[in-house]
Amino acid sequence: MIAHRGDSAHRPENTLAAMSGALELGVSAVELDVQLTRDGHAVVIHDPTLERTTTGRGEVRGMTLAEVRAVSAGYPSRFGAEWAGERVPTLAEALALLRDRARALIEIKTESVTDDATGGVEALVAAEIRRADMAAKVALISFDQRAIVRLRRLAPEMTRGRIFGRTTADEVLRDATEAGCELVMPHKGQLGDTLVTRVRAASLKLATWVVDDPEELRALARYELYGIGTNCPGVLLDAIAEGILS
């Protein structure tokens, strides 16, 4: 079970609180999103701007780490003041929390991918992972093909995964081959017998996102997925424990 942005149904997404909540539930992996600040720090936030989930305003890439950290990441429009003390975590903080407790799926957001092929977000993220001694416990994932191709050279020891929205089996196999991926993550709506069969034949691991309904989990079980991203890990883990997949 992959906790999508942590236990994001019950705690502010991509915060240490959400990741801690997911760990308490016993998930095997936590997915988190990485953007880059103006002064070159990898921070854990989904959107390129602060408005939706924090009390701040502005583009992450136009702000310093100190400016991003100055606002609450408690997602006030959803949770009010309950989590007002939460801050946008750095990638280093997230890795320190997850180390030896769960695998980290780190999504490099397209907004942070630049023309810098050697010193950009990909290299900074890989360096942070190595400092945390977690190269064997992460998967680097992205919708951005440039990022995953670069990581084949910059971080060959780390698992790489390509995320897809609307796609075809041809696109999945082409892009995975170019980037040397071990993992592909098409949206759940794109799963079908043809795609799954071809992915299996290519010896690729197959995961999907986002599944919050136990009945939907049951329907997808026939594909024997490597992982499923969910905002409600507790709900699905309880359903599994109750035998929904039996």
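The values are calculated or read from the model by the stated rules, or taken from the named source; none is laboratory data. Since the structure is predicted, the reported quantities are computational estimates derived from the model, not experimental observations. Methodologically, a virtual Cβ is constructed for each residue, glycine included, from the backbone with ideal geometry; neighbour enumeration extends over all protein chains shown. Ligands, DNA and RNA are excluded from the accessible area calculation, which covers all protein heavy atoms including side chains. Shrake-Rupley method; radii C 1.70, N 1.55, O 1.52, S 1.80 Å.
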Matching residues in region 18-36 - criterion: being in contact (Cβ under 8 Å) with a residue 40 or more places away in the chain, closer than 16 Å to ILE2 by Cα and among the aliphatic types (A, V, I, L, M): MET19, ALA22, LEU23, LEU25, VAL27, ALA29, VAL30, LEU32
Scan of region 127-164 for residues that are in contact with a Phe, Trp or Tyr (Cβ under 7 Å, 6 or more places away or on another chain) and open to solvent by 20 Å² or more (accessible area, probe 1.4 Å), ordered by number: none
Residue in region 184-193 that is small (Gly, Ala, Ser) and open to solvent by 30 Å² or more (accessible area, probe 1.4 Å) present: yes
First in region 232-245 and under 16 Å from ARG222 (Cα atoms) and open to solvent by less than 90 Å² (accessible area, probe 1.4 Å), second anywhere and part of a loop (DSSP other than H, G, I, E, B) and of a type in the set (S, T, N, Q), Cβ under 6 Å, 6 or more apart: none
Exclusive hit being of a type in the set (A, V, I, L, M), within 18 Å of ARG160 (Cα to Cα) and open to solvent by 40 Å² or more (accessible area, probe 1.4 Å), set LEU91, LEU124, LEU95: LEU124
Residue count for region 206-218, restricted to those that are surrounded by fewer than 18 Cβ atoms within 10 Å (Cβ to Cβ) and under 20 Å from ARG166 (Cα atoms): 3
Residue selected from region 21-36 under the condition of a type outside the set (Gly, Ala, Ser) and assigned to a strand (DSSP E or B), by the criterion most open to solvent (accessible area, probe 1.4 Å): LEU36
Test result for ARG198, under 21 Å from ARG222 (Cα atoms), free of Cβ contacts under 8 Å to residues at least 60 places away in the same chain and either open to solvent by 30 Å² or more (accessible area, probe 1.4 Å) or of a type in the set (D, E, K, R) (or both): yes
Subset tally (residues that are in contact with a Leu (Cβ under 7 Å, 6 or more places away or on another chain) and surrounded by 24 or more Cβ atoms within 10 Å (Cβ to Cβ)) for region 7-20: 3
Qualifying residues in region 37-58 (those that are touching a helix residue (DSSP H, G or I) at 6+ places or on another chain (Cβ under 9 Å) and touching a residue at least 40 places away in the same chain (Cβ under 8 Å)) - the one surrounded by the fewest Cβ atoms within 10 Å (Cβ to Cβ): GLY40
Any hit, region 170-183, residues being among the basic types (Lys, Arg) and surrounded by fewer than 17 Cβ atoms within 10 Å (Cβ to Cβ): yes
Identity of the residue in region 59-88, of a type in the set (Lys, Arg) and out of contact with any helix residue (DSSP H, G or I) (no Cβ under 9 Å at 6 or more places or on another chain), that ends up least open to solvent (accessible area, probe 1.4 Å): ARG69
Residue in region 199-220 that is among the hydroxyl-bearing types (Ser, Thr, Tyr), at pLDDT 95 or above and more than 25 Å from SER8 (Cα to Cα) present: yes
Some residue of region 108-118 being surrounded by fewer than 20 Cβ atoms within 10 Å (Cβ to Cβ), modelled with pLDDT of 95 or more and under 14 Å from the mean Cα position of the chain (by Cα): yes
Pairs with Cβ under 6 Å, 6+ apart, first in region 123-149 and within 21 Å of VAL184 (Cβ to Cβ), second among the polar types (S, T, N, Q): ALA139/THR159; PHE143/THR110; ASP144/THR110; ILE148/SER142
